[in-house]
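Have a look at the structure below, then the notes.
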Amino acid sequence: MDKFRMIFQFFQSNQESFMNGICGIMALASTQMYSAFDFNCPCLPHYNLAYGLGILLVPPFILFLLGFVLNNNISMLAEEWRRPQGRRRKDPAVLRYMFCSMAQRAMIAPAVWVSVTLLDGKCITCAFCTSVPLESLGNASHPRLSQGEIQRVLARIPCKDIYNGQQLIANEVAVRYLRCISQALGWCFVLLMTTLAFLVRSLRPCFSQAAFLKSRYWSHYIDIERKLFDETCAEHARSFAKVCIQQFFEGMSTDLVAARCHLPRKAPADAGEAAEKLLGITDQGTMNMALKSWHRCKPPLHLHPPALPTGNGWAGEGQPPTHPSAPRRETAAYYSWV
Amino acid sequence: MDRFRMIFQYFQSNSESVMNGICGLLALASVKMYTSFDFSCPCLPQYNMAYGLGIMFVSPIILFLCGLILNRQSLVMLEEWRRPPGCRKKDLAVIRYLCSSIMQRAMVAPVVWIVVTLLDGKCLICAFSGSVDPEKFVGFANVSTEQVQQLLAKVPCKDDELMRNNTSRRAVSRYLRCWSQALGWSILLILIIAAFLARWLRPCFNQATLLQVRHWSNYIDIEQKIFEETCCEHSRLFAHKCILHFFESMQQEIKLHSFSLPGEGEGAEGEEDLLRGITDQDQVNKLLKTWYSEKPPLDVS
């Protein structure tokens with residue numbers, strides 16, 4: 001249990017490493033999506049370019065936005081940006097840091113998709129097969145065809161099973177040429193991305209490192225503060241609910257005692273804890289009335305003063321009452337995760 | 001016991017992550033369902049569209065309903081909506097928040113199904129193969145109108161004798177699949193942009209109200225859980241007392257009917273308490289029969 005709590009605390013305190021994990025998973029997911037996706041070039045003159053470039057550019061955009069959507073910090077950033085100033089100044093450097101950090105992580109999965117697509121070659125082959133240089137690659141003795149016909153024939157290059165232009169240009173030759181260009185582009189892209197990442201990482205400490213450390217600290221602080229606030233509210237809601245329900249049952253029990261004008265109950269000496277836990281409800285009719293009342297007339301969200309903590313005691317929920325003679329009091333306790 | 005209580009407390013305070021987990025599992029289940037489903041287009045003119053569109057739309061409805069059923073918050077929301085105001089005012093903003101949160105989570109699996117279906121393409125090819133313009137495709141251009149419908153309807157079936165090596169069939173299939181994939185990616189793009197804008201812009205409007213509404217909707221959920229826990233605990237104790245009373249009354253009856261001598265020695269008292277005066281087969285049988293035929297009343301006062 002301790003281990004579980006430690007892991008949870010680690011992730012909580014280190015939102016960045018959690019986001020790094022998500023980022024890695026998304027990069028893997030993007031390669032998986034690409035290999036599962038059934039690329040299907042339409043092999044028609046005007047559709048090829050749209051389809052090829054669409055597959056090359058639309059999924060990375062989707063993955064980029066998904067990287068933002070999955071990042072919890074985005075609402076934190078927007079909140080910090082839009083909150084009224086109040087008594088706490090806003091620091092634009094912190095906001096910029098948060099945004100850059102989110103954007104950098106969100107760029108990884110799209111970059112992986114684009115690299116994989118270019119290195120594979122199907123997209124570029126599909127998109128640019130109608131632009132193959134016939135003069136240098138085409139067969140010398142090809143029949144004279146109209147421009148439109150040539151376009152239609154070239155558009156079928158990616159679809160080997162319906163290609164009928166062997167006299168114009170050999171399918172193998174065209175596909176190799178296009179794939180070679182695509183892979184060259186792919187490797188250049190990977191090199192460019194890696195160089196950029198290297199430069200950003202190695203040059204950043206050379207510029208305003210102190211300001212950077214400050215922004216990073218305060219952005220982590222805002223994140224942790226928000227989480228602690230949410231936890232505290234949740235703990236408070238639990239304690240509030242417990243006391244509210246307790247007072248509801250006590251109220252029911254008092255009403256019943258007042259309504260029955262009757263003989264004093266036998267209160268055996270050993271009733272103690274069990275009787276208290278029965279909350280004064282000891283028969284079917286009373287229980288039914290309690291349940292009906294719970295639905296029909298929920299208690300107001302207003303705890304009675306005697307129930308609120310008057311001392312500064314730390315009362316654990318699982319402890320048995322140490323003073324059975326004192327009036328029953330439920331205290332609300334705040335648990336600190338720190 | 002402590003461990004369970006801590007895990008329970010963790011989930012209680014973090015029921016959102018439980019629901020996100022369920023939502024993710026449903027999405028994975030929908031992908032798995034699609035891949036294991038054996039799609040089999042009828043390849044007949046009137047049936048194709050019904051089959052294709054049916055597969056594409058009926059399953060998402062089922063997944064949506066499953067998403068609503070599996071989400072605990074739907075019951076909480078319905079109860080909050082239908083309860084009489086009584087001593088506690090109803091806050092419509094809380095009900096709206098719960099409703100939108102439930103709907104968003106329930107929509108994920110159906111959307112995943114529709115997107116996967118479109119990206120795969122089989123459904124659309126089956127549904128719309130009869131609606132393409134035959135003039136665009138060489139193999140179907142010079143065929144009579146009645147025959148062309150029959151032929152186009154057979155496009156999704158690769159193994160049909162007429163279609164086996166037909167290049168025009170492949171061309172039609174590619175054309176429809178290209179449209180299907182374009183539609184799938186477009187839908188995904190629109191949804192992601194909507195999700196991004198919603199996440200980005202929400203803190204700009206009424207953030208304070210949102211915090212309040214979110215807190216009280218969590219509160220209602222927690223209160224319901226604690227109430228159920230309290231009732232469970234109460235019924236345990238109630239049952240315990242009820243059964244104790246039953247055994248005591250049986251013990252008294254047995255004492256009345258049998259002339260048993262007082263127990264010898266004090267040492268046997270501890271065990272006798274547990275045995276509650278029921279010490280032979282006939283007595284046990286009588287007790288069990290009475291428990292079945294005459295359960296004690298629900299009153300331990």
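The values are calculated or read from the model by the stated rules, or taken from the named source; none is laboratory data. Here the structure is a predicted model, which is why all the values come from computation and not from measurement. Neighbour counts run over all protein chains shown; Cβ positions are idealised from the backbone, glycine included. SASA here: full protein model, heavy atoms, side chains in, ligands and nucleic acids out. Shrake-Rupley method; radii C 1.70, N 1.55, O 1.52, S 1.80 Å.
In the structure shown, do any of B:32/B:136; A:242/B:90; B:90/B:295 have a Cα-Cα gap over 32 Å, and if so which? Could the numbers behind the result be given before it?
Details: B:32/B:136 36 Å; A:242/B:90 20 Å; B:90/B:295 42 Å.
From B:32/B:136; A:242/B:90; B:90/B:295, over 32 Å: B:32/B:136; B:90/B:295.
Tell me, what is the FRET efficiency for residue A:218 and residue A:20 to the nearest 0.05, using R0 = 22 angstrom and their Cβ-Cβ distance as r?
Computed FRET efficiency for residue A:218 and residue A:20 comes out at 0.65.
Mind checking which of A:173, A:109, A:55 is farthest towards the positive end of the stretch A:52-179's charge dipole, using Cβ charges of +1 (Lys, Arg) and -1 (Asp, Glu) about the Cα centre?
Towards the positive end, the residue furthest out is A:109.
Counting other Cβ atoms within 10 Å of each Cβ, which trypsin sites (Lys or Arg not before Pro) in the stretch B:9-100 have at most 16 and sit in a DSSP loop?
Of the trypsin sites (Lys or Arg not before Pro), the ones in loops of the stretch B:9-100 whose Cβ has at most 16 other Cβ atoms within 10 Å are B:88, B:89, B:90.
Count, for each residue of B:176-183, the Cβ atoms from other chains sitting within 10 Å of its Cβ, then give me the mean as a whole number.
On the way: counts 2, 4, 10, 3, 1, 8, 7, 0.
Going residue by residue through B:176-183 and averaging, the value is 4.
May I ask which residue of B:31, B:114, B:191 lies farthest towards the positive end of the charge dipole of the stretch B:1-204, with charges of +1 (Lys, Arg) and -1 (Asp, Glu) on Cβ and the Cα centre as origin?
My answer, from the dipole projection, is B:191.
With runs of 4+ DSSP H residues as the only contributors, calculate the mean residue ellipticity of chain B at 222 nm using -39,500 (n - 2.57) per run, divided by the residue total and rounded to the nearest 500. Don't skip to the answer; put the middle values down first.
On the way: 12 runs with 224 residues, N = 301.
My calculation for chain B gives -25500 deg cm²/dmol from helical runs alone.
Taking K and R as +1 and D and E as -1, what net charge do the other residues with C-beta under 12 Å from the C-beta of residue B:39 add up to? Walk me through the numbers on the way to the answer.
Working: positive: B:122; negative: B:38, B:120.
Local charge sum for residue B:39: -1.
Label points 7 Å out from Cα along the Cβ direction at residue B:245 and residue A:93: separation in nm?
About 7.3 nm separates the two model spin labels.
Considering the Cα trace of the stretch A:1-208, what is its radius of gyration and what is Dmax, both in angstroms?
23.8, 82
How many Cβ atoms of partner chains, on average, are near each residue of A:33-40 if near means within 10 Å of its Cβ?
Rounded to a whole number, the mean comes out at 3.
Are there chymotrypsin sites (Phe, Trp or Tyr not before Pro) in the stretch B:118-214 that DSSP puts in a loop and that have at most 11 other Cβ atoms within 10 Å, and which ones?
Values: sites: B:128, B:137, B:140, B:175, B:179, B:185, B:196, B:200, B:205; in loops: B:137, B:205.
For chymotrypsin sites (Phe, Trp or Tyr not before Pro) across the stretch B:118-214 that sit outside H, G, I, E and B with at most 11 neighbouring Cβ atoms in 10 Å, the list reads B:205.
Suppose the chain between residue B:18 and residue B:278 were pulled fully straight at 0.36 nm per residue; how much longer would it get relative to their current alpha carbon spacing? Each step should come with its number before you reach the end.
Numbers: separation 260, 0.36 × 260 = 93.60 nm, distance 4.88 nm.
Stretched out fully, the residue B:18 to residue B:278 stretch lengthens by 88.7 nm.
To make sure I understand the rule: partners must be lysines, Cα under 17 Å from the Cα of residue A:214, and not fewer than 8 residues away in the same chain. Which ones qualify?
Answer for residue A:214, where 17 Å is the Cα cut-off: A:90, listed by chain and number.
Starting from the 7 Å offset along Cα-to-Cβ, what nm value, one decimal, do you get for the label separation of residue B:38 and residue A:167?
Inter-label distance under the simple model: 4.7 nm.
What spacing in nm lies between the two simple spin-label points modelled at residue B:141 and residue A:145, each 7 Å away from Cα in the Cβ direction?
Taking the simple label geometry, residue B:141 and residue A:145 are separated by 1.4 nm.
Rounded to the nearest 0.05, what FRET efficiency do residue B:100 and residue A:184 have when you use their Cβ-Cβ distance and R0 = 56 Å? Display every interim value, and only then the final one.
Details: r = 49 Å, r/R0 = 0.88.
That pair, residue B:100 with residue A:184, gives E of 0.70.
Just list whichever of A:122/B:158; B:225/B:286; A:277/A:298; B:89/B:241; A:227/A:292 have alpha carbons separated by over 31 Å in the model shown. Could the numbers behind the result be given before it?
Details: A:122/B:158 24 Å; B:225/B:286 40 Å; A:277/A:298 21 Å; B:89/B:241 37 Å; A:227/A:292 38 Å.
With Cα atoms farther than 31 Å apart: B:225/B:286; B:89/B:241; A:227/A:292.
If R0 is 51 Å, what FRET efficiency do you get for residue A:292 and residue B:205 from their C-beta distance, rounded to 0.05? Mind dumping the intermediate values first?
Values: r = 40 Å, r/R0 = 0.79.
The computed FRET efficiency comes out at 0.80.
Enter the angle in degrees (range 0 to 90, nearest 10) between the Cα long axis of helix B:2-13 and the first principal axis of the Cα atoms of chain B, meaning the one along which they spread out most.
The two axes meet at around 50 degrees.
Partner chain Cβ atoms within 10 Å, averaged over the residues of B:220-233 - can you pull that number for me? Walk me through the numbers on the way to the answer.
Details: counts 3, 2, 7, 10, 2, 2, 9, 9, 0, 2, 8, 8, 0, 3.
Counting Cβ atoms of other protein chains within 10 Å of each residue's Cβ and averaging gives 5.
How much accessible surface does residue B:146 have with a 1.4 Å probe, in Å² rounded to 10?
140
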